[in-house]
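Scroll down for the structure; my scribbles are underneath it.
Since every read-out is calculated from the coordinates, none of them should be taken as a lab result. These figures come from a predicted structure and were not determined experimentally. Because the Cβ atoms are built from the backbone with ideal geometry, glycine has one as well, and the counts that use them run over all protein chains shown.
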Amino acid sequence: MTYQAFKSEVLDKGFDLDGSFGWQCWDGYAKWCQYVGVPYANCTVSGYVKDIWEQRQTNGTLTYFDEVPINSLGAGDVVVFKVSQSTPYSHIAVFDSDAGNGWGLFLGQNQEGKYRHANGGSSFNLAKLPYSALYPTAFRLKSSYQKGKQGLGIPTKRVNGDLFSGLVTHVDPNVMNADNNRARVNLIVIHHNAGTSDEAARRTWYVATGVGTSAHYQVADDKIWGCVGEESVAYHAGDYPTNQRSIGIEHLNNSGAPNWTISEATYRNSAKLIADICQRYGIPIDRNHIVPHQSISATACPGDIDLDKLVRMAQEVAKGASLAKSETVAQSGSFRVKVVVKDLNVRKAPSLSAAKSGVAKMGVYTITETKTADGHEWGKLKSGAGWIALTYVKRL
Ligand SMILES: [Zn+2]
């Protein structure tokens, strides 16, 4: 997470790298270049800030950066602003995250930061600015400079001219329903197959089968399939404008009607994929940006998939958790745990035969015995009220 580390290091601080005009936006850009190891002298010009973009073919910028469309901005991408009403001078900053409705948050200097330099400019801050003020492409560090630190550190894959998460284990070679009329991606839509056959689900999305639907990814126990590339629109949400701006993730069920559940391994694969996508696009990992199909159109999809749990697991991955399956089974002696508001949903123990439906109150509990099932460690309550998941509960 090079960008996040950089951000926390520079916020509200100012840097004057060229010794003129104080803390200007180009000094902020220079600071970012310096931070990631790009020789600043090789990716700037002596003219106007806009020349960093306008003269990119000759000024050396593209030696260190790839050009990416504004639609696919990710945290850490460098953007240049045209002279416009909202940015009266050309301006350069680093993309942080999407702010909705055509605006983004950008990290940079001299965008009305908290502290001012006597010679001009102001300290690093996050500013909300419209994408419409940007030149049409951004600069993304070439992978050799990313050093595995952007996103989850897994380089994306290019297959058949389109972009896939580096987490895909397979790419389905069949031609799927899709088009290129993509908008800015700022949403993940969660689906389930309503079926337990991986192959049958994917076959539905082939152009050849004539159903007319599709998805970007199909997640199963032991596979993450790339289906439609992220630079293309897939037909999954039942609403075209939503399709244009979203990535659709399908999940293979491990049980049929009426519950349509997915396995713990599928949850884990999906959480990693979600974290990877969100970090690459600067999408917040929350319930406003990771939504069930049924929030967009009338459907029972995604069945019994627990969105709160999936989002929480993706947040854990983004924070660095591996989500490797726990090998720990028993812990001798009793211990105390504290359940707080955010833990309350982690309480079902579906495959533990002795389980009752668990605790739904905040409080401190004594655990007398533990076991692992469904990828969670479960604790038996001394009170006799059953088992609770210990995975996210604080041990005292
Ligand atoms: Zn669906």
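Structure summary
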{"quantity": "Gap separating the Cα centres of region 88-126 and region 224-284, nearest whole Å", "calculated": "33"}
{"quantity": "Distance (nanometres) between label positions extended 7 Å along Cα→Cβ at THR366 and LYS338", "calculated": "1.9"}
{"quantity": "Directionally averaged shadow of region 2-145, computed from the convex hull of its alpha-carbon atoms, nm²", "calculated": "7.7"}
{"quantity": "Sum of side-chain charges, GLN24 neighbourhood, beta-carbon under 9 Å (Lys, Arg +1; Asp, Glu -1)", "calculated": "-3"}
{"quantity": "Nitroxide proxy distance, nm - points 7 Å out along Cα→Cβ at ASP304 and LYS394", "calculated": "3.2"}
{"quantity": "Least to most buried among HIS236, HIS289 (fewest other Cβ within 10 Å first)", "calculated": "HIS289, HIS236"}
{"quantity": "Förster-model FRET efficiency, 22 Å R0, ALA194 and LYS157, C-beta, rounded to 0.05", "calculated": "0.20"}
{"quantity": "Percent of alpha-carbon pairs separated by more than 19 Å within region 187-293", "calculated": "40"}
{"quantity": "Cβ-defined net charge surrounding ASN180, 13 Å radius [Lys, Arg +1; Asp, Glu -1]", "calculated": "-3"}
{"quantity": "Summed residue charge, Cβ within 13 Å of GLY195's Cβ, Lys/Arg positive, Asp/Glu negative", "calculated": "-1"}
{"quantity": "Separation in nanometres of the label points that stand 7 Å from Cα toward Cβ, at HIS170 and GLU67", "calculated": "3.8"}
